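Notes for the one structure printed next.
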Ligand code: FES
């Protein structure tokens, strides 16, 4: 495989010239320069899947909105991170996430520590723009320490990537299609019966919502440790 040489590139974000390296994404370089772009599925330290589309930006010359977390920077490109079009699309994306499952914050253990909730406050999204589907999934509370509630899941797959890439356990996967997709353990066994799960809890720490949570903790006590992965990745090199 021929590796492309990493080069310094200059491009514009919101009209301001910034520089980054050719192997970096728009999101990485923007954040390095203090420009915030909202994300949900993105998790620093693991691979990017670009599935939630919260980080969409406008790139001059493209009719489509592009996810900043997967778009590599290019010399001379012009990026807009916020506009009425972007905001309208982010609102629709959040609305669809809310409507697909049950995200009643007042009865969720992650209330106050939920990224879906905080993104909707920041936008702001006052109400869902699409009707609720009121889907009901079975909750897996078989594990002695943790619970998997698919009703709160936004299918960001952070748990899968952390389990594969950081813990190396490959215990979590996806089953079903479309609206019925859900997180499973091993071959869709109860979490307690999973032979691959090491019970490390990393998947629970990085879950952006209350889909994966620790047992016997109250809403007040829930503290997600999403930055733990970055610390683990940095410490690997030491
Ligand atoms: Fe970029 Fe999810 S954060 S697509």
Task: Residue order, fewest to most surrounding Cβ atoms within 10 angstrom, among 63, 185 - done: 63, 185
Task: Gain in span if fully extended, residue 122 to residue 72, counting 0.36 nm per residue against the direct Cα distance - done: 15.4 nm
Open item on the list: Can you tell me how the range 32-92 classifies by the Cα gyration tensor, rounded, prolate or oblate, using a/c under 1.5 as the rounded cut?
Closed with: oblate
- [ ] Springs between alpha-carbon atoms under 10 Å, Gaussian network over the chain: tell me which of 213, 205, 132 tops the mean-square fluctuations.
- [x] 132
Task: Listed residues 161, 136, 226, most fluctuating in the chain (Gaussian network, C-alpha, under 10 Å) - done: 136
TODO: May I ask you to list the residues of the range 139-181 whose amide nitrogen lies under 13 Å from a point 7 Å from Cα along the Cα→beta-carbon direction of residue 199?
DONE: 142-147
- [ ] With springs connecting C-alpha atoms under 10 Å apart, model the chain as a Gaussian network and identify which of 150, 38, 131 has the largest mean-square fluctuation.
- [x] 131
Open item on the list: Between residue 88 and residue 132, what is 0.36 nm times their sequence separation minus the Cα-Cα distance? Round to one decimal in nm.
Closed with: 14.0 nm
Task: Over the range 17-99, relative contact order from alpha-carbon pairs under 8 Å, at least 6 apart, % - done: 30 percent
TODO: Starting from the Kirkwood radius over alpha-carbon pairs of the chain, derive D by Stokes-Einstein at 4 °C in a medium of 1.567 mPa s and give it in µm² s⁻¹.
DONE: 68 µm²/s
TODO: Would you mind checking the radius of gyration and Dmax of the range 129-178 based on alpha-carbon positions, in Å?
DONE: 13.2, 39
Open item on the list: Testing the spin-label approximation: label points 7 Å from Cα along Cα→Cβ at residue 216 and residue 8. State their distance in nm.
Closed with: 5.6 nm
- [ ] Would you work out the relative contact order for the range 86-238, in percent, from Cα pairs under 8 angstrom that are 6 or more residues apart?
- [x] 26 percent
Task: Rough spin-label spacing in nm, given labels placed 7 Å along Cα→Cβ, for residue 96 and residue 181 - done: 1.1 nm
Task: Cα-Cα separations in the range 168-212 greater than 17 Å, expressed as whole percent - done: 34 percent
Task: Taking all pairs of distinct alpha-carbon atoms in the range 132-238, Kirkwood radius in angstrom - done: 14.4 Å
Open item on the list: Over the range 41-140, what is the relative contact order in percent, taking alpha-carbon pairs closer than 8 angstrom and at least six residues apart?
Closed with: 23 percent
Task: Global size of the range 1-133 as Cα Rg and Dmax, reported in angstrom - done: 16.4, 53
Open item on the list: Give me the one-decimal nm value for the distance between modelled label points at residue 189 and residue 141, 7 Å along each residue's Cα-to-Cβ direction.
Closed with: 2.3 nm
- [ ] Would you calculate a helix-derived [θ] at 222 nm for the chain, using -39,500 (n - 2.57) for each DSSP H run of n ≥ 4 and dividing by the full residue count, to the nearest 500?
- [x] -6000 deg cm²/dmol
TODO: Enter the angle in degrees (range 0 to 90, nearest 10) between the Cα long axis of helix 84-100 and the first principal axis of the Cα atoms of the chain, meaning the one along which they spread out most.
DONE: 10 degrees
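Read-outs: derived from the displayed coordinates by stated rules, not from any lab. Given the structure is predicted, the values throughout are model-derived calculations rather than measurements. Neighbour counts run over all protein chains shown; Cβ positions are idealised from the backbone, glycine included.
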